[in-house]
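Read the structure below first, then the notes.
The values are calculated or read from the model by the stated rules, or taken from the named source; none is laboratory data. In this text, all values refer to a predicted model and were calculated from it rather than measured experimentally. So basically every Cβ, Gly included, is an ideal-geometry build from the backbone, and we count neighbours across all protein chains shown.
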Amino acid sequence: MDHATVVVSGTKIADEIGTGRSEVWRLIQQLRSLGVDVAGHPATGYQLRAVPDLLLADVLAPLIKGTIFQHIHHYYKVGSTNSAAMEAAASGAPEGSVFLAEEQTAGRGRGANAWHSARSAGIYCSVVLRPNLPPSEALILSLAAGLAVHAAIQEIDARINPDLKWPNDLLVGGKKFCGILTEMNAEATRVRFAVVGIGINVNDPRFPEDLRDVATSLQLASGSEWSRVELAAALLKSLHREYRHLLIKPNARESILHRFAEHSSYVCGCKVRIEENGGFEAVTEGLDARGFLQVRTPQGLRTVLSGTVRAM
Ligand code: BTN
């Protein structure tokens, strides 16, 4: 990536990649259609106007050295990075494999929800983990991922202090900018592998009509553009830290639960409606030892195992 913005002739590029100048022209047009800002034409040579903020493996790898995330797969366009990661993991992809996309055409959220995945505006990232956990304890991975996103954002702009909404959303100014979808392949007593998928709205300047009232991006919240590369690197480093601690530190689980509650206005004393079993109203009373939400109802204390939680 050094000297990335110098002018290079079409002939030189053609020689280096072993093709002809017309093929180079075709490839340049393809890059432009993917949003890469390339100036010039065959007669004058080509020049990157700016190093694009693309989540390329070659760009990210040096920034996340020493983490478990050593196998990075980058797509310009993919259906869903979670689906790509689940398939790869089932075929033996190692722990720490990362799947990143500039654009998802079938980004998935929890339940039947879709995840809006505009091209090069957000971070769409899925990682393969192979923790030694029973499936009943896998929720802690989602909570740890939420904390990792929180830490990465604070590292880059301490003015943005996201609110963690149990179990897997991050909000700023009451609107969601990040969602986490953890999926797994498990036996009854053992997780074979888990895929933690993280979607962050980073530089979306606006949202479709149906999302406008509920969704935001870091750019909209902070008033300035973010480097997706810098944020993705910070995220993978903090995810690495959380995950290592979870595997090796005896009190990591308690620490995750404690810190999640600390950064969440939802976990304690919040009047909510739980869209589960027909829906009911309750007041939140903290997390249990596995990370499930406890709520107080007129009938007593209940544990929320799934379902959407809405503040009232
Ligand atoms: C939610 O809020 O319901 C979870 C959204 C998770 C979206 C991310 S984007 C990267 C990964 N790939 C997907 O298809 N989904 C997750």
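Here are the numbers for the structure shown:
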item	result
All positions within segment 49-72 that are of a type in the set (V, I, T) and part of a loop (DSSP other than H, G, I, E, B)	V51, T67, I68
Pair list, Cβ under 6 Å, 6 or more apart: segment 23-41 residue within 13 Å of R119 (Cα to Cα) and modelled with pLDDT under 90, other residue surrounded by 15 or more Cβ atoms within 10 Å (Cβ to Cβ) and not hydrophobic (A, V, I, L, M, F, W, C)	L34/Y76; G35/S120; V36/P52
Evaluation of Y46 against (1) touching a residue at least 60 places away in the same chain (Cβ under 8 Å); (2) outside any helix (DSSP H, G or I) (one fails), failing number	(1)
Close pairs from segment 69-98: first over 16 Å from V229 (Cα atoms), partner within 15 Å of the ligand (Cβ to nearest atom) and charged (D, E, K, R), Cβ under 7 Å, at least 6 apart	K77/E102; K77/E103; S80/R108; N82/R108; N82/E183; M86/E183
Residue match in segment 24-47 (condition: β-branched (V, I, T), surrounded by fewer than 14 Cβ atoms within 10 Å (Cβ to Cβ) and over 16 Å from the mean Cα position of the chain (by Cα))	yes
All positions within segment 194-215 that are farther than 12 Å from A121 by Cα and surrounded by fewer than 22 Cβ atoms within 10 Å (Cβ to Cβ)	P208, E209, D210, L211, R212, D213, V214, A215
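A quick yes/no check of all residues on (1) surrounded by fewer than 18 Cβ atoms within 10 Å (Cβ to Cβ); (2) basic (K, R); (3) under 21 Å from A158 (Cα atoms):
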position: A232; (1), (2), (3): no, no, yes
position: L235; (1), (2), (3): no, no, yes
position: H240; (1), (2), (3): no, no, yes
position: N251; (1), (2), (3): yes, no, no
position: E262; (1), (2), (3): yes, no, yes
position: V272; (1), (2), (3): no, no, no
